């Protein structure tokens, strides 16, 4: 009967690693000017330091990340901008990484608010409700939430038009593919990811109308082994360029091992696959964060929903790999300029869905609200959004 | 799914089954000596980190492999101290070990996330890789996969044809009898924990040095738990462990390829398959014997050795 007891136990425990994997909350603080123990450790300080905004003291700006900053991915891209802000005069920053979405996030945000931070940037979708709740209690603090949609008198919702850069990377992939089959290792079927896949497919089809994009969902953001296996499965069905909406460079490795090309994501992933990496749609939060912090300190920031893109420099294309021929580079950079100048918009009709139904009328551009709630694939994408 | 995909699918099954196979054999070794160790997940992830850091520092994946085995055996040693000397509850101690191992690896490994280390590269085995079909499936992998092929037969020989194997089995079946025969069951169980832990560490090393050449927190992603389940599924037999590990790896590889070939089946359902299969296999193997599964288990598994007198 021991077998049965063990089985029951195992089933109960299957969920345990999930809990355990939540990991460490680590905090870094510059040595604070005052002697107070200024750790941003969420659990460390039950007492609330009185809010202080005395003259001559640095304005404190806080950042909350969902993953470690060393991951060369999403949180890393925000932390690069934080380090630039840190160098601004009269500003000191601190961050807390690996904060799970949910009650822990609220505690971290509240802790920063009580310590008198001037502005708090929370960079994961799941922080939205926690932030909204705290924002109502601290009307004098600027709350900046990335990738959500809720705004308030002191809360901004911001995100980047990554799909514009993905369209350009799709053009590169479409031009470099011999089979016309492009593979896309994707995390979760949510509008952000679906929008990116669609833009990538439209970019590829602009170069090669017959291009098709095969999608594999891993349901992970960062599992190198599984994401690499997903890329391999795409290579097995004949794809010869691998793109990804995942945080790990696993798919890049798979492409390099099989001697085909790849498109990175988040940051320049050349280091992981120098022979495969064509380019990558990347984040550059520095201009937006600098502008926001300057205006918040000057008291001129307007809280609203913001969606900056290529034109503002929030998203961009990583440098081309040396295998990308000059004519392809010229074509892609010309299109980039058109987007920056506002002469071209991705998702300009006619755009059809997988079944051939026209989703965007001729000559019209899909509205932002449709893009933000996108749950369908464009024609030429092979896969399901479920 | 086209027929041309079957060979790469089976090759992928072998590769994704390999880390689980190492961990399953390791846990089986420990359990055969009578110690239930639920810390596999934690030991595996510590092994993965030790392998990665050592390979990165020394440039040698083989040293990384050795470090992985030693680190996992060391963590497993905590379990030995608790259970063999303080007679602590083996279930609780094992669980604590998993939580400890995962936490330790996260703490030490976070600065290294996203970095690369030199690892094992695939190479074709001369002659054997030329065998049609079988060569493509089995003999175009890395050195660790080939090593894992040798283990199940060696284990079988060890348990059934050697004296130390018999002594270890005695410690798991009836420690008092082993004691009466002049053996030291506590020492034998220590051997089971350390050797088993070493193998579990190799499973972790496979993830960070061969499957990918990267480190990330939570790299094992539940594979250690699958290994614990597969020991039961395999009735503590090494050959069946191999079958079980490749079956699990195969279903995982299959669902990704099914998606890639363009299916309408929702991805959530497909992603559930490997885990659903594990549950099903366990239930079936438990139902099949009623007797069989419990009699296959070492009789003194999970029972501490009380001091005599």
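Derivation of every value follows stated rules applied to the coordinates shown; laboratory data play no part. Owing to the predicted nature of the structure, the values given are computational and were not obtained by experimental measurement. Note that each Cβ is placed from the backbone with ideal geometry, even for glycine, and that neighbours are counted across all protein chains shown.
A few notes on this one:
- Gyration tensor (alpha-carbon) shape descriptor, the range A:86-169, a/c threshold 1.5: prolate
- Cα gyration tensor, the range A:237-364 - rounded (a/c under 1.5), prolate or oblate: oblate
- Each 10 Å bin from zero holds the following percent of Cα-Cα pairs in the range A:180-298: 15, 43, 27, 10, 5, 0.
- Pairwise Cα distances in the range B:19-224 exceed 24 Å for 43 percent of all pairs.
- The calculated 222 nm mean residue ellipticity attributable to helices in chain B amounts to -22500 deg cm²/dmol, summing -39500 (n - 2.57) over DSSP H runs of n ≥ 4 and dividing by all residues.
- Cα long-axis angle, helix B:90-109 against chain B (0 to 90 degrees, to the nearest 10): 50
- Legend: ranking of residues A:385, B:212 from fewest to most surrounding C-beta atoms inside 10 Å; resulting order A:385, B:212.
- Segment residue A:258-residue A:353, extension gain: residue separation times 0.36 nm, minus the distance between their alpha carbons: 31.0 nm
- With neighbours defined as other Cβ atoms within 10 Å of a residue's Cβ, the residues B:272, B:28, A:112, A:128 order from fewest to most as B:272, A:128, A:112, B:28.
- Neighbouring Cβ atoms from other chains, within 10 Å of the Cβ of residues in A:378-386, number 3 on average.
- Each Cα pair under 8 Å and six or more residues apart adds its separation to the average, and for the range B:61-136 the resulting relative contact order is 25 percent.
- In terms of the mean number of neighbouring beta-carbon atoms within 10 Å, the peptides B:142-154, B:101-113 order highest first as B:101-113, B:142-154.
- Against chain B, whose longest principal axis comes from its Cα atoms, helix B:185-205 is set at around 10 degrees.
- Counting Cα-Cα pairs of the range B:64-127 in 10 Å increments starting at 0 gives whole-percent bin shares of 17, 35, 26, 15, 6, 0.
- Divided by 2.2 N^0.38 Å, where N counts the residues, the Cα radius of gyration of the range B:184-309 comes to 1.31.
- Shape of the range B:134-254, Cα gyration tensor, a/c cut at 1.5: prolate
- Burial order of peptide ranges B:156-167, A:290-301 (average beta-carbon count within 10 Å, highest first): A:290-301, B:156-167
- Against chain B, whose longest principal axis is taken from its Cα atoms, helix B:40-58 shows a tilt of about 60°.
- For residues of B:205-217, the mean tally of beta carbons on other chains within 10 Å: 5
- Protection-proxy order for peptides B:194-207, A:92-105, B:75-88, each taking the mean of Cβ atoms within 10 Å per residue, highest first: B:194-207, A:92-105, B:75-88
- Averaging the sequence gap over all C-alpha pairs within less than 8 Å and six or more residues apart, then dividing by the number of residues, gives the range B:19-224 a relative contact order of 44 percent.
- Average beta-carbon neighbours from other chains, 10 Å sphere, peptide A:208-220: 3
- Debye log10 I(q)/I(0) for the protein assembly as shown, one point scatterer per Cα, at q = 0.05 Å⁻¹: -0.27
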